[in-house]
Structures are given as structure tokens and as C-alpha cells.
Amino acid sequence: MATETKPNAKYQPVDWFTNAYAISSNAERQREASDQVRQEARFLRNETDNKTKWDQKDNNTRLADRVDVIRKWKEILEQTLGDLDAEISKLSESKEQTEEALERKNLPTDTVNECLTVRDGRRSIDNVEDEIEHQLRKEQEVIAKAKRNLQQKVDEQFEQLCVLQEARQQILADLQNKNIALGIDIDQYNLNEQSPNISYKPNPTRVPKGSTTPQQWEDFSRYNVDRAKAEIASSGRLREAAHRTIHDTDNDLESQRQASDYALRKRLHEEEQAKDELEWQKQQTEDEIAELERDIRALEEAIKAKIPPAKLAETRLENRTTRPGVELCRDAVQYGLTDEVQQIKASKDALYDKLKQARHNLDGLQKQLDRINADLAEKTNSIMLDRRTADVRNRLATKPITQTDGNMLKTGITRERSKVLA
């Protein structure tokens, strides 16, 4: 009983046939399903392979197009950068010219101030506010206005240079980014399936922080280029305005210089005419004084000459008063001597009056001569000062050099224009 085994289950023939049929049917269905999967796998493999190849080709084309677009903008940025460098150089040179023009105004300023200081040495009536005084004051105002205008242009050019440098830095930064992006995209275009440095990357489809749209990318570069072009145009207008200001100020100053020189020459002519007139008046007055002094001496001699006749006539009259008795007759002699005494007295009185008048006139002539001499000294001093003023103004006839150029001329150093470092 211990060695007995339970007999296997017994099946009916129908079960056997059913099982065989089921196995055959299942095998056929599995083969059909497998064939379907194989066909679909072949189709999917071909389709995905083609899709992958076309996607890769399309992206290669997109990379090539992107490289072309970046190169186009790179060329535009390089051209704009070159234009900016050229404009910065031109504006820097224009600024230096404006600064030199401003520095050249120091000589006219010093000259006009020295002229006014020299002419302050005029004395008395000659210290007048004449035409040359007005012209020199006006020249001061013209120079001051010219210096203000030139300084304003220098300040504007400095500010514009700062703006151009800022625009240049923006263009340069954009260009550097374009070069980096161009190198990256060219490297990606040159990659292929056999490249050794390809591999799986973690989360390659993520959107990097700070990403922009193609429109934003293009607008950024276009804005930089448009801004640079606008600043270049503004800089060109500023250079033209500075050039006009330099020429306008030089022309205004030259015109006023000629007006001042003409007024100075005219004033010198008037002073020399006045001096010549005073010298003539002095000579005539001195001659008149000499004549009057001779006449005074003649009058004094004439008065002295009347003393003996007066003494004689009075002595005769007095001596005849001693006639005795009836002999004291008022005869013709008496009347004649009386008339003679009176006549001599009247003559002496007339001579004294004329002598007094002559001496009064002599005193007046002496005072007038002193006044002429004093005025002549003033005129001589004024002519000397105005001639010195003319000598001072002769410095304006030569082209002034700036202090910097003068120092370089002394040291032998050749000046080089400032250059913009890229």
C-alpha cells in the first residue's frame, strides 16, 4: 500500500483532438500576430529612419540658414563698428580742432586786455571814451561770446563721444556674442553621427533661462545698429556745427579786429592832427608873447620917456609962479604949459592903461601857453600810448599757435592724433 501511486488522469479522445486543434489554432494566430508585428515594425523602422534622416537634414538646413543670418548680422555689426570707429576718430579730431580754436582765443583776450590797460594811462581830458574804447570793449564781448560758443561745442562733442563710445561698446558686445553664437552653430552644423564628441545629455529639450524669440533677437541687433547710425548722423551734424562755429567765430573776431584797428588808426590820426595844431598854436603864441613883451618894454620906455618932459613942463609952470606983481600973468605960455602938463599926464595914463592891458594879455598868453604845453604833453602821451597799443595789436596779425603746439615745437616732439582703441 505504501508503494502505490495515484494513477494519471484519463482524458477522452475528444479532449485530445480539441487540444491539438487549439494548439494549432493558437500557433497560427500567434504567427499571424507576429507577422503583423513584423510588418508594422518594418514599416515603423523605415518610417522613423526616414523621419530621423529628414529631421536631421531639415535641422542641418536650419543651422545653415541660421549661420547665414548670423553672418549677415555679423557683417552689418562689423560695418557699423567700423563706421563708429571712423566717426569717433573724426569727432575726436574735430574736438581737438575746436579746443585749439578755443585756445587760440587766449591771445586776442590778452591783447585786448593789455590794450585797455595801456590806454588807461591817458590823463586828463585825453582819458575819453572814444571810438577805439568802444571797439575794444566790443571786441572783448565778441571774444567772450566766441569762447562761450566754442566751449559749448567742446562740451557737446565730449558728450557725443561718450554716447558713441557707449554705442560702440554695445555693438562690440553684440558682435562678440554673434561670433560666439556663429562658432557654436558652425560646430553644431559640422557634427554628424560619427563625431566622437556626441553623447546623451540630461534634459536636452529644456528651455534655457534668458532665451529669446527670433524676433526679439533680430530686434535687439537692429536697435543697436539703428542707434549707432543715429548717433553717427548726430555726430556728423555736430561736427558740421562745430566747423561752422570755428569759422563764424574766427570771421566775427577778424571783422571786429579790423574795426578796432581802423578806429585806432583814425584816433591816432586825430591825435596827431590835434598835436600838430597845438604845436602851431604854441609857436604862434610864443611869437605873440615875444612881440607883446617887446611892446611892453616899448611902453615902459615910452612911459619913462614922458618923465623928463613932464618934469620940464611942471618946473616951468612952478618957476613962473614966482613972477612978481602983475607979471604973474596967465598968458599963452601959462596955458600952453598947463596943456602940456595935462597932455603928458593923459599920455602917461593912457600908456599905463595900455601897459596894464598888455601885461594882462601877457599873463593870459602865458597861461594859455602853459595850457597848450600841458595839453601838448597829454597829446604826446596819448599818441605814445596808442602807438604802443598798435604795436601790441600787431601780434594779432600773425597766426597764433596753441600752448601745446608751442611746447612741442620747443621740445621737437611731433604730435600724433589720438586713436580709438578697439
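The values are calculated or read from the model by the stated rules, or taken from the named source; none is laboratory data. Fair warning: this is a prediction, and the values are worked out from it, not measured in the lab. Neighbour counts run over all protein chains shown; Cβ positions are idealised from the backbone, glycine included. Please note that ligands, DNA and RNA were not included when accessible areas were found on the heavy atoms of the full protein model with its side chains. Shrake-Rupley method; radii C 1.70, N 1.55, O 1.52, S 1.80 Å.
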> With point charges of +1 on the Cβ of Lys and Arg and -1 on the Cβ of Asp and Glu, referenced to the Cα centre of the chain, which listed residue (ALA242, LEU253, ILE303) lies farthest in the positive direction of the dipole?
Replying inline: ALA242
> Counting GluC sites (Glu not before Pro) as exposed when in a DSSP loop with at most 16 other beta carbons within 10 Å, what is the longest stretch of the chain free of them?
Replying inline: 194-415
> Which value, in Å² rounded to 10, gives the accessible area of PHE43 with a 1.4 Å probe and all protein chains present?
Replying inline: 140 Å²
>> Using 0.36 nm times the number of residues separating ALA346 and THR48, minus their current alpha carbon distance, what extension gain do you get?
In response: 91.2 nm
> Quick one: if the Förster radius is 30 Å, what FRET efficiency do SER234 and GLU254 give, using the C-beta to C-beta distance and rounding to 0.05?
Replying inline: 0.50
> So between ARG31 and ALA332, what do we pick up on full extension, going 0.36 nm a residue minus the alpha carbon distance?
Replying inline: 87.9 nm
> Hey, if you put +1 on the Cβ of every Lys and Arg and -1 on every Asp and Glu Cβ in segment 198-342, which of THR321, GLY210, TYR200 ends up farthest toward the positive end of that dipole?
Replying inline: TYR200
> Sorting TYR21, TYR352 by accessible area (1.4 Å probe), largest first, what list results?
Replying inline: TYR21, TYR352
> So what is the calculated 222 nm ellipticity per residue for the chain, using -39500 (n - 2.57) for each DSSP H run with n of 4 or more, over all residues, to the nearest 500 deg cm²/dmol?
Replying inline: -30500 deg cm²/dmol
> Quick one: putting +1 on the C-beta of Lys and Arg, -1 on the C-beta of Asp and Glu, what dipole do you get for the chain around its Cα centre, in Debye to the nearest 20?
Replying inline: 1280 debye
> In the set [x] 63, 61, 43; [y] 246, 45, 40; [z] 63, 59, 39, which value of Cα extents along the principal axes in Å was calculated from the structure you see?
Replying inline: [y]
> Per-residue accessible area for TYR223 at 1.4 Å probe radius, Å² rounded to 10?
Replying inline: 140 Å²
>> Student exercise: in segment 104-229, how many lysine pairs 8 or more apart or on different chains have Cα atoms under 18 Å apart?
In response: 7
> How much length is gained if the chain between TYR21 and LEU369 is pulled fully straight, taking 0.36 nm per residue apart and subtracting their Cα-Cα distance, in nm to one decimal?
Replying inline: 108.5 nm
>> Please report the carbon-and-sulfur percent of the accessible area for segment 174-269; probe 1.4 Å, protein heavy atoms only, DNA, RNA and ligands left out.
In response: 53 percent
> Are there trypsin sites (Lys or Arg not before Pro) in segment 1-108 that DSSP puts in a loop and that have at most 16 other Cβ atoms within 10 Å, and which ones?
Replying inline: LYS10
> Ordering ARG168, ARG265 by how much accessible area each has at a 1.4 Å probe, largest first, what is the list?
Replying inline: ARG265, ARG168
> What residue among ALA377, LEU44, SER221 has its Cα farthest toward the positive end of the dipole of the chain, where the charges are +1 on Lys, Arg and -1 on Asp, Glu, each on the Cβ?
Replying inline: LEU44
>> Rounded to two decimals, what is the ratio between the C-alpha radius of gyration of segment 235-290 and 2.2 N^0.38 Å?
In response: 2.35
>> Let me check something: with ligands and nucleic acids excluded, how do VAL69, VAL207, VAL142 order by accessible area (1.4 Å probe), largest to smallest?
In response: VAL207, VAL69, VAL142
> Which value, in Å² rounded to 10, gives the accessible area of SER94 with a 1.4 Å probe and all protein chains present?
Replying inline: 10 Å²
